[in-house]
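Right, one structure below, let's go through it.
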Amino acid sequence: MASRQFFSFLFKSVLLGVIVAALMLFLVPNLRQGDGFAQNVFNPGSSSASRISYKDAVNKAGPAVVNIYSVSIENDVGFYRSRPRERTSLGSGVIMTESGYILTNNHVVQNADSIVVAVQDGQILEAHIVGYDQYTDLAVLKVDDGVNLHVIPQSEDPDVAVGDMVMAIGNPFDLGQTVTHGIVSRAGRKGLSNFVDFIQTDAVLNQGNSGGALVDSNGVLVGITNANFQVRDGRNGVRNVDGINFAVPYELAKRVMDEIVTDGRVTRGQLGFIGQEIANRPGVTVTAVAKQSPAAKAGLKPNDVILAINDIKLESASKTLDMIAETEPGTQLKLQISRDGELMDMNVTVAELGG
């Protein structure tokens, strides 16, 4: 009798288990796919697991972006007298080294009589200008009394590509640190010769963002924010164009900073010609030669094809100009020229750009 009751109990238990299992398979489709119980099966209101966030990137880069306040004294001229007037400029900067070197835009600190840097951890520091580069609108500042300065993450080759997501971190309108994001639509070049080919992005920049950081989704510095695109309207006034903003590529900014720290200035070489490459043809075709330039004095003419410089074969006009820009002024270069099908060698001395 007892054994019959035991088997009856066992049968009912098994039957109940089968019914419950069937109901679970019906009510929870994921179980039929072999996925097991997901963490959110019984908590469908939680969406944090699928949320896209860049807080880690901002936490890595944000503390290295500082607010810059520069003060200059100008003479306000009136009808009967002139009196000094204080002018304050607002901008942003990026801590590049533990020793206190900061990159910013030159127009933020140009002609400043005093510069104050506000660090995100609350430190207020006096800064001085180490040097600047007018062509890239970059300036290097130095603070000497900073404690535990947070250096922004950097990579020798950030490898920025069109379509990458980037974030601009700065201090627009003195609102405090602000983050905007956008897409890279032009990656920019890295060479010293073409110093206006910046990174283009639709990450929003406003007054005060100048000199701030453009970082990737990992918080790595890819550029120094510079300006937004401006056009003249029908009344000949200047207006900003939404969605077109620029930043100096990191590699170029770093090279400019290193030269300023080492030499106090950036030196670029130039020969005084413009050239372009032609598809399926080696060399660079000269399109124009400046009067009294080193190229003109050496005898270079338009339509000449420069095949090599110091026996280095040329294939790209931009790389050729970079090679010349990075050559120390006073250096003599040997150009191999093709003119009307005739080969010739030409010696030319590099001059300093702007010198």
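Key figures for this structure:
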{"item": "When residues of the range 101-134 are limited to those that are in contact (Cβ under 8 Å) with a residue 12 or more places away in the chain, assigned to a loop (DSSP other than H, G, I, E, B) and surrounded by fewer than 18 Cβ atoms within 10 Å (Cβ to Cβ), the one farthest from the chain's Cα centre (by Cα)", "result": "ASP113"}
{"item": "Residues located in the range 237-252, provided they are open to solvent by less than 50 Å² (accessible area, probe 1.4 Å), among the hydrophobic types (A, V, I, L, M, F, W, C) and not in a helix (DSSP H, G or I)", "result": "VAL241, ILE244, PHE246, ALA247, VAL248"}
{"item": "Any chance VAL348 is under 25 Å from GLY188 (Cα atoms), touching a strand residue (DSSP E or B) at 6+ places or on another chain (Cβ under 6 Å) and open to solvent by less than 70 Å² (accessible area, probe 1.4 Å)", "result": "no"}
{"item": "Subset of the range 136-148 (residues that are surrounded by fewer than 22 Cβ atoms within 10 Å (Cβ to Cβ) and part of a loop (DSSP other than H, G, I, E, B))", "result": "ASP144, ASP145, GLY146, VAL147, ASN148"}
{"item": "Output for the range 211-236, where each listed residue is touching a Ser or Thr at 6+ places or on another chain (Cβ under 8 Å), modelled with pLDDT of 90 or more and open to solvent by 20 Å² or more (accessible area, probe 1.4 Å)", "result": "VAL220"}
{"item": "Matching entry among ARG255, ARG281, ARG265 (being surrounded by 13 or more Cβ atoms within 10 Å (Cβ to Cβ) and either part of a helix (DSSP H, G or I) or not β-branched (Val, Ile, Thr) (or both))", "result": "ARG255"}
{"item": "Yes/no for LEU343 being open to solvent by 60 Å² or more (accessible area, probe 1.4 Å), of a type in the set (A, V, I, L, M), in a strand (DSSP E or B) and at pLDDT 90 or above", "result": "yes"}
{"item": "Residue match in the range 79-96 (condition: modelled with pLDDT of 90 or more, surrounded by fewer than 19 Cβ atoms within 10 Å (Cβ to Cβ) and in contact with a Lys or Arg (Cβ under 9 Å, 6 or more places away or on another chain))", "result": "no"}
{"item": "Qualifying positions in the range 330-346 - of a type outside the set (Ser, Thr, Tyr) and under 16 Å from PRO294 (Cβ atoms)", "result": "GLY330, GLN332, LEU333, LYS334, LEU335, ILE337, ASP345, MET346"}
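Each row is one residue, and each column tells you yes or no for (1) polar (S, T, N, Q); (2) within 30 Å of ILE337 (Cα to Cα).
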position	(1), (2)
VAL248	no, no
ALA253	no, no
VAL256	no, no
ASP263	no, no
GLY269	no, yes
GLY272	no, yes
GLU277	no, yes
ASN280	yes, yes
VAL284	no, yes
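The values are calculated or read from the model by the stated rules, or taken from the named source; none is laboratory data. What you see is a predicted model, and the numbers here were worked out from it, not measured in a lab. Every residue, glycine among them, receives a Cβ derived from its backbone with ideal geometry; neighbour counts consider all protein chains shown. Surface areas here come from the heavy atoms of the whole protein model, side chains and all, with no ligands, DNA or RNA. Shrake-Rupley method; radii C 1.70, N 1.55, O 1.52, S 1.80 Å.
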